[in-house]
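J.: This is the structure I want to talk about, given as structure tokens.
The values are calculated or read from the model by the stated rules, or taken from the named source; none is laboratory data. This structure is a prediction, so every number in the text was calculated from the model and none was measured. Glycine also receives a Cβ, built like all others from the backbone with ideal geometry; neighbour counts cover every protein chain displayed. For the accessible areas, the whole protein counts, side chains as well, though only heavy atoms, and no ligand, DNA or RNA atoms are used. Shrake-Rupley method; radii C 1.70, N 1.55, O 1.52, S 1.80 Å.
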Amino acid sequence: MDLRVDIITLAVADLDEAHAFYANRLGWHPALAIPGEVTFFLAGPGRMIGLFGRRDLERDIGDRGQVPPFDLGQLFHTPAEVDAAVEAMVAAGAKVRKPPQRPEFFEGYHAYVETPDGTVWELVYNPGFHFDSEGTPHFA
């Protein structure tokens, strides 16, 4: 499994306030902002910082365990690559927080795994989101 962090998702208590802090007060320019759902900021070529509501992340992970303050995301080209990455991480000692499945809120496939140190990774196939060869994000 290749090491790559494409998206760091910050689990925020108040999405509107977090958006105001980063976009309005710090002057970061959103690459995509869907009010009440998510905001993405480009963090260099091929990298994004996402803001996602803490309760929404808890619901997305699908358990009532401790929701991390952030998760690391890796994008894949196919659902089979997501499955293979989950298998590799579990074989290395990670535990599945949410098994691979189609999510409620986007057309794709994803899973959450937790490493032995407690870091949570979201492994994602999303045909409506990709970075081009220059690292520019594209949303369908």
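J.: Return the percentage of antiparallel bridges among DSSP beta bridges fully within the chain, rounded to the nearest 5 %.
T.: Among the beta bridges of the chain, antiparallel pairing accounts for roughly 70 percent.
J.: Just want to confirm a number: the relative contact order over the chain, from Cα pairs under 8 angstrom separated by 6+ residues, in percent.
T.: 23 percent
J.: Any idea of the accessible area per residue across the chain, 1.4 Å probe, to the nearest Å²?
T.: 56 Å²
J.: For 19, 29, 130, give the ranking by accessible area with the largest first, probe 1.4 Å.
T.: Descending order: 29, 130, 19.
J.: For the stretch 103-140, which GluC sites (Glu not before Pro) are in a loop by DSSP, counting at most 15 other Cβ atoms within 10 Å?
T.: Hits after loop and neighbour filter: 104, 107, 134.
J.: Which one, 18, 94, 80, has the greatest fluctuation when you compute a Gaussian network model over the chain with C-alpha springs under 10 angstrom?
T.: 80
J.: Another question about this same structure. Heavy atoms only, probe 1.4 angstrom, no DNA, RNA or ligands counted: give me 102, 47 ranked by accessible area, highest first.
T.: So, going from the largest accessible area down, we get 102, 47.
J.: Moving to a separate point now. As an exercise, use a Förster radius of 35 Å and the Cβ-Cβ distance of residue 16 and residue 133 to find the FRET efficiency, rounded to the nearest 0.05.
T.: According to the calculation, E is roughly 0.50.
J.: Could you work out how far the C-alpha centroid of the stretch 80-94 sits from that of the stretch 1-64, in angstrom?
T.: Each part reduced to its Cα centre gives a spacing of 24 Å.
J.: Next up: Roll a 1.4 angstrom probe over the protein heavy atoms and tell me the percent of accessible area of the stretch 51-140 that is carbon or sulfur.
T.: Of the solvent-accessible surface of the stretch 51-140, carbon and sulfur hold 52 percent.
J.: GNM on the chain, C-alpha springs below 10 Å: top fluctuator among 70, 52, 129?
T.: So, out of 70, 52, 129, the one fluctuating most is 129.
J.: OK, next. With n ≥ 4 as the cut-off for DSSP H runs, can you work out [θ] at 222 nm for the chain, using -39500 (n - 2.57) per run divided by the number of residues, rounded to the nearest 500?
T.: Dividing the helical sum by the residues of the chain leaves -5000 deg cm²/dmol.
J.: Under the classification rounded if a/c is under 1.5, otherwise prolate if a/b is larger than b/c and oblate if not, where does the stretch 89-140 fall, given a ≥ b ≥ c as square roots of the Cα gyration tensor eigenvalues?
T.: It is oblate, given that a/c is not under 1.5 and a/b is not larger than b/c.
J.: If you don't mind, there's one more thing I want to ask. Which of the listed residues, 91, 18, 138, is farthest toward the dipole's positive end in the chain, when Lys, Arg count +1 and Asp, Glu count -1 at the beta-carbon?
T.: Most positive-ward Cα: 18.
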